[in-house]
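Have a look at the structure below before the remarks.
What follows is calculated from the coordinates using simple rules that are stated; it is not laboratory data. This is a predicted model, so every value here is computed, not measured. With ideal geometry, Cβ positions are generated from the backbone for all residues, glycine too; neighbour counts draw on all protein chains shown.
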Amino acid sequence: MKKSRSKTIRIQLPDGDPRGIKIAEVKNRIVQAFLIPRSLLKDVKDKNEVKSVSLYFLFGSNDKDTRTEAYIGEAEVGYERLKHHNANKDFWEVAVLVVTNTLQNGFNKADVKYLEHLAYNKAVEAGRYAINQTIPNKPSMRESEKDDLEDIFETISLLLGTLGYPIFDGYRVEQEEDAIEDKEEELLFCTRNDTDAFGKYTGEGFIVYKGSKLSSNSDSPGFKPYLPKHNEKIQRFIADGILTEEEGRYIFLKDHPFGSPSAASQFVVQNKSNGKRDWKDKHGRTLDELMNL
C-alpha cells in the first residue's frame, strides 16, 4: 500500500467559534472549502469567494435514519445556489462550498460539472452517505484537463474528511475488503444463536461488514418490546440497499456503522445483547477483554 504523504491543512475560524463557519485549505493548493452551518448562511454573503463558480455539498439527516444524507451540486454563484436550497430543501444542516483561492485559477462551468460528476460517482461507490439525486452529466474535455481536476479532487476529498465529512471514504480500504482472511486479527465476530456476523470496532462506532448474517430467530420473549422498531429498521435497511433477504436470512449488502458494539450486536442477534460480551475475536476473547488488555 502506498504511504500517504504528510499534509499541512490550515483551518480558519472567521468568528473564533469552532462550531461555526470554517475555511479549510491545504498549503500550496488552489482550492479551499467553506463549511457553513445552515443557520449561519447569511454570515458569508459578503465574502467574495462564495460568489464564484463552486462545487458544493449539503449534509443532513434523512427520514430513513440509516445514513447521513448528502447532496452534491455545482453553481455559477455558490452563495446564490445555497440561498435557493435554503428555501427549497429541508434535510440539510451543513453546506460545504468548494472554491478556488485565486482569481487567476478560478473554476469554470465545465470544471465544476466534471467535479460534480466525479464526486457523485465516488460518493455512491463509497456508500457511506445516502445520495438521493439524479446522476450529474459528465462534460467532455481534454485528458490533460481531467488529470488536473482529478488532482484537485484529491484535495477536495482531503478537506471534506478533515472537516468531518469523509464522503468518499469507504469503511474499509480495498485491500482489506478483498482479503478478510489476512485481517482476522483485527476482526470481531458474533455467533450467538445462529448469527454469523463480523466487523470492527473503530472510532466511528462498530462497523458491521457486508456478508454478515442476522440470526434467523427474533422470537425471544425478552426482545418482544423492541421488535416493532427493530423490524422497522430492517425494512429501512432493505429499502436503502443495506440489507437483503436470502433463504429466510437477512444479509448485509454493504458495510454499515452502528453507534455502539451493543447496538450492532442487538441488531444482528435480533435479541437483547451486550456487545462487549457478544463480539469476540478469533481466539474467543470478548471485546471487553480486549479493551482491558
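In a Gaussian network model over the chain where Cα atoms closer than 10 Å are linked, find which of Ile156, Ile135, Ile23 has the largest mean-square fluctuation. Maximum fluctuation in the GNM of the chain, among the listed residues, is at Ile135. Near Glu69, the amide H atoms lying under 5 Å from its own belong to Gly60, Ser61, Asn62, Ala130; only residues 5 or more places off or on other chains count, and H is placed 1.01 Å from N.
Cross-link reach is defined here as a Cα-Cα straight distance under 18 Å, omitting same-chain residues fewer than 8 places apart; for Lys27 the lysines meeting it are Lys7.
Expressed to the nearest 5 percent, the antiparallel share of DSSP beta bridges inside the range 9-162 is 95 percent. Straight-line cross-link reach from Lys146 at under 19 Å between alpha-carbon atoms covers these lysines, not counting any fewer than eight positions away in the same chain: Lys109, Lys113, Lys122, Lys138. Computed over the range 209-261, relative contact order equals 50 percent, with contacts defined as Cα pairs under 8 Å that lie 6+ residues apart. Going by amide H atoms built from the backbone, whose H comes under 5 Å of the H on Asn101, apart from near neighbours? Under 5 Å from the amide H of Asn101: Val31, Gln32.
Just rank Val77, Val53, Val31, fewest to most, by other beta-carbon atoms within 10 angstrom.
Values: Val77 13, Val53 19, Val31 22.
In order of increasing Cβ crowding within 10 Å: Val77, Val53, Val31.
Database remark: amide H of Tyr165 closer than 5 angstrom to no amide H (H placed geometrically; neighbours at sequence offset of 5 or more, or on other chains; Pro and chain starts carry no H).
When the helices of the chain are scored as -39500 (n - 2.57) per DSSP H run of n ≥ 4 and the total is divided over every residue, the value at 222 nm lands at -8500 deg cm²/dmol. Computed about the Cα centre, the dipole magnitude for the chain is approximately 740 debye when only Lys and Arg (+1) and Asp and Glu (-1) carry charge, each at its Cβ.
Inter-label distance, Glu204 to Asp281: 2.3 nm, where each label sits 7 Å from its Cα along the C-beta direction. Sequence-ordered 3J(HN,Hα) estimates for the range 216-221 from the Karplus curve with 6.51, -1.76 and 1.60 and θ = phi - 60° stand at 7, 10, 10, 9, 4, x Hz, glycine and proline given as x.
Here the residues Leu293, Leu187, Leu97, ranked from fewest to most Cβ neighbours within 10 Å of their Cβ, fall in the order Leu293, Leu187, Leu97.
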